[in-house]
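The values are calculated or read from the model by the stated rules, or taken from the named source; none is laboratory data. As the structure is a prediction and not an experimental result, all values here were calculated from the model. All Cβ positions, even for glycine, are placed from backbone atoms using ideal geometry, and neighbour counts span all protein chains on display. To get the accessible areas, we keep the full protein, side chains included, count just its heavy atoms, and leave off ligands, DNA and RNA. Shrake-Rupley method; radii C 1.70, N 1.55, O 1.52, S 1.80 Å.
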Amino acid sequence: MPPETVRLGLMGFGYIGKIHMMGARNAPLCLDSEPVRVEYVSILTTHPETAGPLARYYGVKRVYTDIDEFLDDPELMGVDISTPNSLHAPQAYAALRRNLPVYCEKPLGLNYAEARQMALAVKERGVPSLVPIGSRLAPAMLRAKAYIESGLIGDILTARAHLFHSSYLDAERPTGWRLQNSYSGGGAMADLGIHVIDRLRYLVGDVTRVSAKTRTFIADRPTTKGSKERIPVDVDDWGCAQLEFANGASGVVEASRISSGRDGTQVEVFGTKGSITIGEGEWPTVHLFDVHTDYRGLAVELDPVKRELLSLYPGSKMSMGGMVNMHMVYVLRFGLSVLRNEFTFPGAPDFEEAAAAQEVLEAAYRSSAQGGAPVDLPLP
C-alpha cells in the first residue's frame with residue numbers, strides 16, 4: 001500500500017529549492033519503507049521563463065508568479081519557503097493567514113525581532129513548522145545527543161564547532177543577495193554560523209552570554225560577472241563567537257566563506273568523562289572517547305523520536321551526498337508533521353528553536369559592533 005502524500009508548494013526555485021525537491025523526489029528510491037510521500041505540486045517564482053520549464057519537467061503541475069494565486073491553490077497542504085531571507089517573514093505570514101504549515105529556510109528572519117514574531121505567529125496558529133537548521137536530524141547528531149543524555153561523557157565543560165566554505169574567496173565573484181545586508185540580514189555568521197550555533201544549542205543547552213568578532217575581508221565586488229563596476233559588501237566574510245551556556249559550559253563557534261581547502265564542518269563536545277567528535281563529511285558517524293573505557297561498537301539506546309528520524313535517512317549505498325540526504329530527511333519529517341497535524345516534536349528544529357538560534361546570532365553581531373564586548377541573553 002503506497003504511503004499517504006503531502007502536497008507542498010515551493011516558494012523559490014533556486015539552488016536550495018532544487019535541493020529540497022531533489023530529496024523529496026528521490027526518497028522512494030532511497031528508502032526501503034517510505035512513511036510519507038512529499039510531492040511538490042507548484043512553485044512560486046520571479047523567473048517563470050527559466051524555472052517553469054524545468055519545474056514542469058520534474059512533475060510540478062503549476063507555476064505561479066503571484067503569491068495569492070499560489071497560496072490559494074486548493075491542493076496545497078503546506079509551503080516550503082526557499083527564497084532570499086528578506087522574503088521569509090512576509091511569505092510565512094501570508095501562508096499562516098491561510099493556516100498552512102510552513103517549512104522555511106534559515107535564518108528564519110532578517111533579525112531576531114522578526115524571527116521572534118514569526119515563531120509567535122506559528123504558535124498562535126498552531127500549525128506545524130520546521131527549519132532545516134543545524135543538522136539536528138543527522139544520525140551523528142542524534143546519537144551524540146543520546147550519548148550526552150545518557151551521561152557517557154559526564155558534565156559538559158567546553159564545546160566548539162565550525163563551518164567553513166571557500167565560496168566567496170574569489171574577489172571577482174559578483175555580488176548577490178547574500179552579500180547585501182538588506183536582503184540577507186548578515187554574512188558568514190548568518191548563512192553558516194547559524195548552523196553551528198544551533199548544533200551547540202542542541203547538544204549543550206541555552207546560551208547566556210556571547211562575545212564575538214566578525215570581519216569583511218573583500219570590501220567590494222563586481223555588480224555582474226566581468227563588470228568593472230563594483231559595489232560595497234556590507235556583510236561579514238568571517239566570524240567567531242565565544243559562548244557561555246546556562247549549565248556553566250563554554251563554547252566557540254566559527255564561520256567562514258573564505259577558507260580555501262577547508263570546506264566542511266566539525267563539532268566537538270568535551271565533558272568530565274569523555275568527549276564527542278562529529279567530523280567533516282561524517283554526518284552518519286559520531287566518535288566517542290572515554291577516559292576509562294573503549295566504547296568502540298557501543299549501541300546507545302535511542303528514544304522513539306530519534307529512531308523514527310534515523311529510519312528516514314538513506315543507507316550508505318543509496319546516499320545522495322550529505323546535503324541532499326539531510327534535506328530529504330527534513331522534508332519528509334515535515335511531511336509527517338503535516339499528516340499528523342503535529343505542532344512540534346521533541347528536539348524539533350521548529351520556528352521556536354530557529355528564533356532562539358537567531359537570538360544568539362544577533363547577540364554575536366551586537367558584540368562585534370561593540371568591539372567584542374560581551375552581550376547577555378535573553379536580549380532585551
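Which value, in debye to the nearest 20, gives the size of the charge dipole of segment 133-175 about its Cα centre, when Lys and Arg are +1 and Asp and Glu are -1 at the Cβ? Write down the numbers at each step before the final one.
On the way: 5 positive and 4 negative charges, 30 e Å.
It works out to roughly 140 debye.
Using a 1.4 Å probe over the heavy atoms of the protein chains, calculate the carbon and sulfur portion of the accessible area of the chain as a whole percent.
51
Farthest toward the dipole's positive end in the chain, which of Gly109, Gln242, Tyr330, given Cβ charges of +1 (Lys, Arg) and -1 (Asp, Glu) about the Cα centre?
The Cα lying farthest towards the positive end belongs to Tyr330.
Quote the FRET efficiency, to the nearest 0.05, computed for Met1 versus Arg98 with a Förster distance R0 of 22 Å and r equal to the Cβ-Cβ distance.
In this case the efficiency is close to 0.10.
Give me the one-decimal nm value for the distance between modelled label points at Trp177 and Arg209, 7 Å along each residue's Cα-to-Cβ direction.
Going from the Trp177 label point to the Arg209 one covers 3.8 nm.
Non-local amide H neighbours of Val233 (under 5 Å, H modeled in plane, Pro and chain starts lacking H): which ones?
For Val233, whose amide H was placed from the backbone, the distant partners under 5 Å are Asp220, Arg221.
So what is the calculated 222 nm ellipticity per residue for the chain, using -39500 (n - 2.57) for each DSSP H run with n of 4 or more, over all residues, to the nearest 500 deg cm²/dmol?
Numbers: 11 runs with 126 residues, N = 380.
Per the formula, -10000 deg cm²/dmol.
Stokes-Einstein at 25 °C, 0.890 mPa s, Kirkwood radius from Cα pairs: D for the chain in µm² s⁻¹?
Using the Kirkwood radius from Cα pairs, D works out to 115 µm²/s.
For segment 259-273, take each phi angle, set θ = phi - 60°, evaluate the Karplus expression 6.51 cos²θ - 1.76 cosθ + 1.60, and give the result in whole Hz per residue in order, putting x for glycine and proline.
9, 5, x, 10, 4, x, 9, 8, 10, 9, 10, 10, x, 6, 10
Any idea how far apart Glu49 and Glu124 come out in nm if each label point goes 7 Å out from Cα toward Cβ?
Between Glu49 and Glu124, the simple spin-label model gives 4.0 nm.
Fully extended, how many nm does the chain gain between Arg230 and Met323 (0.36 nm per residue separation, minus their Cα-Cα distance)?
Using 0.36 nm per residue and subtracting the Cα-Cα distance, I get 30.3 nm.
Give the ranking of Thr65, Thr83 by solvent-accessible surface, highest area first, calculated with a 1.4 Å probe.
Solvent-accessible surface, decreasing: Thr65, Thr83.
With +1 on the Cβ of every Lys and Arg and -1 on the Cβ of every Asp and Glu, and nothing else charged, how large is the dipole of segment 1-86 about its Cα centre, in debye rounded to the nearest 20?
Values: 7 positive and 12 negative charges, 67 e Å.
Dipole about the Cα centre, nearest 20: 320 debye.
So what does Trp177 come to for accessible area, using a 1.4 Å probe and Å² rounded to 10?
Roughly 70 Å² of Trp177 is accessible to a 1.4 Å probe.
Assuming a strict under-28 Å limit between Cα atoms, what lysine pair count do you get for the chain once near-sequence pairs (fewer than 8 apart, same chain) are dropped?
18
Give me the net charge for the shell around Ser250: Cβ to Cβ below 13 angstrom, other residues only, Lys and Arg +1, Asp and Glu -1.
Working: positive: Arg160, Arg209; negative: Asp155, Glu244, Glu268.
Net local charge, Ser250 excluded: -1.
Calculate, for Leu157 and Asp303, the FRET efficiency according to 1/(1 + (r/R0)^6) with r their C-beta to C-beta distance and R0 35 Å; round to the nearest 0.05.
Numbers: r = 25 Å, r/R0 = 0.72.
For R0 = 35 Å, the calculated efficiency reads 0.90.
List the residues, sorted by chain then number, that are 5 or more residues from Leu157 or on another chain and whose placed amide H is less than 5 Å from its amide H.
Phe270, Gly271, Thr272
How big is the accessible area of Lys273 in square angstrom, nearest 10, if you roll a 1.4 angstrom probe over the protein chains?
Solvent-accessible area, nearest 10 Å²: 100 Å².
Using the heavy atoms of the protein chains and a 1.4 angstrom probe, tell me the accessible area per residue for the chain in square angstrom.
I get 43 Å² per residue for the chain.
Which FRET efficiency value, to the nearest 0.05, do you get for Lys273 and Ser316 by plugging their Cβ-Cβ distance into 1/(1 + (r/R0)^6) with R0 = 30 Å?
The calculated FRET efficiency here is 0.50.
Accessible area, 1.4 Å probe, largest first: how do Arg199, Arg62 sort?
Arg62, Arg199
If you plug each phi of segment 239-256 into the Karplus form 6.51 cos²θ - 1.76 cosθ + 1.60 with θ = phi - 60°, what whole-Hz ³J(HN,Hα) values come out, in order, with x for Gly and Pro?
x, 9, 10, 9, 10, 10, 9, 4, 8, x, 6, 10, x, 9, 10, 9, 9, 8
So how far apart, in nm, are the two label points at Arg56 and Leu379 if each is 7 Å from Cα heading toward Cβ?
Reported label-point gap for Arg56 and Leu379 is 4.4 nm.
Rounded to the nearest 20 debye, what is the charge dipole size of the chain about its Cα centre when +1 sits on each Lys and Arg Cβ and -1 on each Asp and Glu Cβ?
Dipole of the chain, to the nearest 20 debye: 460 debye.
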